[in-house]
Amino acid sequence: MAVSLHHLVVDAHDLLGLARFWCRVLDWKVLSEREREVVIGPDEFASTGICFMPVEDPKHIKNRLHFDLAPDDQGAEVERILALGARRVDIGQGDEAGWVVLADPEGNEFCVLRPKTSLIAFRDA
């Protein structure tokens, strides 16, 4: 039996607002908008998308799962995403980390990495 990753699901208070933020970050689009779920992705037939589902309770602690973004230019990408509404957060990463930790408009942490050539190797800069 084969299985593949279909959606990453993100709990949200403002489903469409958070979906639109991530569409701008990833250059994706809203694929489906319903009262209790909004799905985004590069296109309808992509292998994986993000689904935003409603949640009532506020976020209290650091995410146990987060996105890692790997741009060509870390500094420029951080500035672009900050201009879209993200904010810098300190989760104890320190000044020597190869990544920058940001939070989306609802406080979900994510990282902007140094450029990478594979899932396990950083590109020499």
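The values are calculated or read from the model by the stated rules, or taken from the named source; none is laboratory data. Here the structure is a predicted model, which is why all the values come from computation and not from measurement. Every residue, glycine among them, receives a Cβ derived from its backbone with ideal geometry; neighbour counts consider all protein chains shown.
Observations, loosely collected:
- Filter result (among the small types (Gly, Ala, Ser) and outside any loop (DSSP other than H, G, I, E, B)) within the range 55-74: none
- The requirement of being closer than 20 Å to Leu15 by Cα, out of contact with any strand residue (DSSP E or B) (no Cβ under 7 Å at 6 or more places or on another chain), at pLDDT 95 or above and surrounded by 15 or more Cβ atoms within 10 Å (Cβ to Cβ) is fulfilled nowhere in the range 59-79; no residue meets it.
- Sole residue being closer than 22 Å to Gly17 by Cβ, among the β-branched types (Val, Ile, Thr), free of Cβ contacts under 8 Å to residues at least 60 places away in the same chain and assigned to a helix (DSSP H, G or I), chosen from Ile81, Ile40: Ile81
- Options Glu79, Glu44, Glu109: the member that is over 17 Å from the mean Cα position of the chain (by Cα) and of a type in the set (D, E, K, R): Glu44
- Summed over the range 87-112, residues that are at positive phi and free of Cβ contacts under 8 Å to residues at least 12 places away in the same chain total 2.
- Pairs where the first residue, in the range 53-72, is among the polar types (S, T, N, Q) and the second is surrounded by 10 or more Cβ atoms within 10 Å (Cβ to Cβ), C-beta under 8 Å, 6+ apart: Asn63/Asn108; Asn63/Glu109
Residue by residue, here is whether (1) farther than 17 Å from Leu113 by Cβ; (2) of a type in the set (Val, Ile, Thr) holds:
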site	(1), (2)
Met1	yes, no
Leu26	no, no
Phe45	yes, no
Ala83	yes, no
Ile91	no, yes
Gly98	no, no
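- The residues listed here are Phe45, Phe52; of these, the one that is among the aromatic types (Phe, Trp, Tyr) and not in a loop (DSSP other than H, G, I, E, B) is Phe52.
- Residue match in the range 84-99 (condition: at pLDDT below 95, of a type in the set (A, V, I, L, M, F, W, C) and in a strand (DSSP E or B)): yes
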